[in-house]
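Here is the structure we will look at.
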Amino acid sequence: PEAITVQELANRMAARGGEVVKALFRMGVMATLTQSIDADTAELVVQEFGHRVKRVSESDVEIGLEGAEDTDTDLQPRPPVVTIMGHVDHGKTSLLDALRKTDVAAHEAGGITQHIGAYQITVPDGSKVTFIDTPGHEAFTAMRARGASVTDMVVLVVAADDGVMPQTIEAIRHAKAAGVPLIVAVNKIDKPGVKPERVKQELLQHEIVVESLGGDTQEIEVSATQRINLDKLLEAISLQAEVLDLKANPNRAAEGTVIESKLDRGRGPVATVLVQKGTLRQGDIVVAGAEWGRVRAMLDDKGRQLKDAPPSLPVEILGLSGVPAAGDNFIAVENEARAREVSEFRQRRARDKAAAAAGAGRGNLTDMLA
Ligand code: GTP
Ligand code: MG
């Protein structure tokens, strides 16, 4: 692997040399500014500073700031990842269920659908769409707080008979804060006497201007239960995906985010992960949060065993040492030694953070008593 001096690394991250020396010290590496460290160590430092690392090939790591990504020629189109949000009882689950039934690939699967937090469907034109099912607002907030950006767009479900409600507004705020485009699905239009026009007016007050009012937010009137305009909603999603020009490099070590996880009595720790870059393969050694392990088995949302998972595919993985948290990053690494190293580094960092938080708590208490 390539080496880099501590000073050069600090320069590339626009960080102080002393801060980098300190970070290295915490990792158990003693180095001065002029000394060189290997690429693997540099990568850990870069991650600690909140930057991304560009892996040019297996052995060669280039240190880059946020935004330094795979080159254009590495990138290939990937399916959009869509999160459905909206107020209680406005029909999110019904809509997800209805969309899932449009999956033209579902019939081949033999009908066993797993209840995992994310699934991918194939639409009639052959393209694919990934839906994330778990995020109530809290899960979405937690993921954002961890710096995980998992969704490419939000479908905002607003019931035509109820209109814009508190959680609708919250969802709009989340989407705006995350810089993610919205598509409005005005649901329950099958109900007698409903006025979808009213919803558009209410949305205006929250700076969502739908296309029919001259804005640029797509809006589709649907009925989840009567299966009205589901095709139009899917078209709107694919149009938005085209605008976003979503791409990823499938030919590299996998990286992504934990969507949900649990301890299964029979199977041990089970994590649903969304592959965001690279291809995850059965047998890969991965670190998820501070847990690690060899991917013993990989299943899709239809319960099928997979050998490999490309970008935007959510899969359940078995074989981790423990249960990571939703929003945790996962990466595939070269070997077990490296997995242990990254895992220990992350555990140490988590302990440091907890200690710092506890320290701050004591300080406040002292202040209060003083
Ligand atoms: P929470 O998960 O509790 O926030 O609710 P939700 O947004 O997932 O709503 P859900 O899909 O559970 O639907 C709530 C109720 O609205 C159910 O009784 C549905 O049958 C009904 N519903 C959902 N979509 C439609 C629709 O298009 N038309 C009609 N008439 N009823 C619908
Ligand atoms: Mg629901």
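Could you check the stretch 120-134 and list, in sequence order, the residues that are modelled with pLDDT of 85 or more, touching a helix residue (DSSP H, G or I) at 6+ places or on another chain (Cβ under 7 Å) and closer than 21 Å to ALA224 by Cα?
ILE121, VAL123, VAL129, PHE131
Please verify whether the stretch 80-96 includes one or more residues that are near ligand 1 (Cβ under 9 Å from one of its atoms), charged (D, E, K, R), at pLDDT 70 or above and surrounded by fewer than 21 Cβ atoms within 10 Å (Cβ to Cβ).
Among the residues of the stretch 80-96, at least one is near ligand 1 (Cβ under 9 Å from one of its atoms), charged (D, E, K, R), at pLDDT 70 or above and surrounded by fewer than 21 Cβ atoms within 10 Å (Cβ to Cβ), which makes the answer yes.
Only one of (1) more than 27 Å from PRO79 (Cβ to Cβ); (2) touching a strand residue (DSSP E or B) at 6+ places or on another chain (Cβ under 8 Å); (3) touching a residue at least 12 places away in the same chain (Cβ under 8 Å) is not met by VAL194, so which one is it?
All conditions pass for VAL194, except number (2).
Residues of the stretch 142-166 being within 15 Å of ligand 2 (Cβ to nearest atom) and at pLDDT below 90, which ones?
Scanning the stretch 142-166 gives no hits.
Of the residues that make up the stretch 224-240, is at least one within 23 Å of ASP70 (Cβ to Cβ) and not aromatic (Phe, Trp, Tyr)?
If we filter the stretch 224-240 for residues that are within 23 Å of ASP70 (Cβ to Cβ), which is where we start, we get 240.
If we keep only those that are not aromatic (Phe, Trp, Tyr) as well, we get 240.
Yes, because at least one residue in the stretch 224-240 is within 23 Å of ASP70 (Cβ to Cβ) and not aromatic (Phe, Trp, Tyr).
Kindly indicate whether LEU233 is away from ligand 2 (no atom under 16 Å from the Cβ) and at pLDDT 95 or above.
Working: away from ligand 2 (no atom under 16 Å from the Cβ): yes; at pLDDT 95 or above: yes.
Yes; evaluated as a whole, the condition is true for this residue.
What's the total number of residues in the stretch 315-335 that are surrounded by fewer than 19 Cβ atoms within 10 Å (Cβ to Cβ) and over 22 Å from ARG265 (Cα atoms)?
2
Could you list, in sequence order, all residues of the stretch 144-203 that are of a type in the set (Ser, Thr, Tyr) and farther than 16 Å from GLU219 by Cβ? Let's see the steps before the verdict.
The first filter runs over the stretch 144-203 and keeps only residues of a type in the set (Ser, Thr, Tyr), leaving 149, 151, 168.
Matches in the stretch 144-203: SER149, THR151.
Does HIS137 satisfy the condition of being surrounded by 14 or more Cβ atoms within 10 Å (Cβ to Cβ), modelled with pLDDT under 75 and within 16 Å of ligand 2 (Cβ to nearest atom)?
So HIS137 fits the description; yes.
Among the residues of the stretch 283-293, are any closer than 22 Å to VAL129 by Cβ and modelled with pLDDT of 95 or more?
In the first step, residues of the stretch 283-293 are kept if they are closer than 22 Å to VAL129 by Cβ; the result is none.
The answer is no; no qualifying residue exists.
Among the numbered conditions (1) in contact with a Leu (Cβ under 6 Å, 6 or more places away or on another chain); (2) over 30 Å from ASP74 (Cβ atoms), tell me where LYS247 comes up short.
Failing condition for LYS247: (2).
With the condition kept exactly as written, say whether any residue in the stretch 272-291 is polar (S, T, N, Q) and surrounded by 24 or more Cβ atoms within 10 Å (Cβ to Cβ). Let's see the steps before the verdict.
Narrowing the stretch 272-291 to residues polar (S, T, N, Q): 272, 276, 279, 282.
Then keep just the ones that are surrounded by 24 or more Cβ atoms within 10 Å (Cβ to Cβ); that gives 272.
Yes, because at least one residue in the stretch 272-291 is polar (S, T, N, Q) and surrounded by 24 or more Cβ atoms within 10 Å (Cβ to Cβ).
The values are calculated or read from the model by the stated rules, or taken from the named source; none is laboratory data. Since the model is a prediction, treat every value here as computed from it, not as a measurement. Cβ sites come from the backbone with ideal geometry, for glycine too, and all protein chains shown count toward neighbours.
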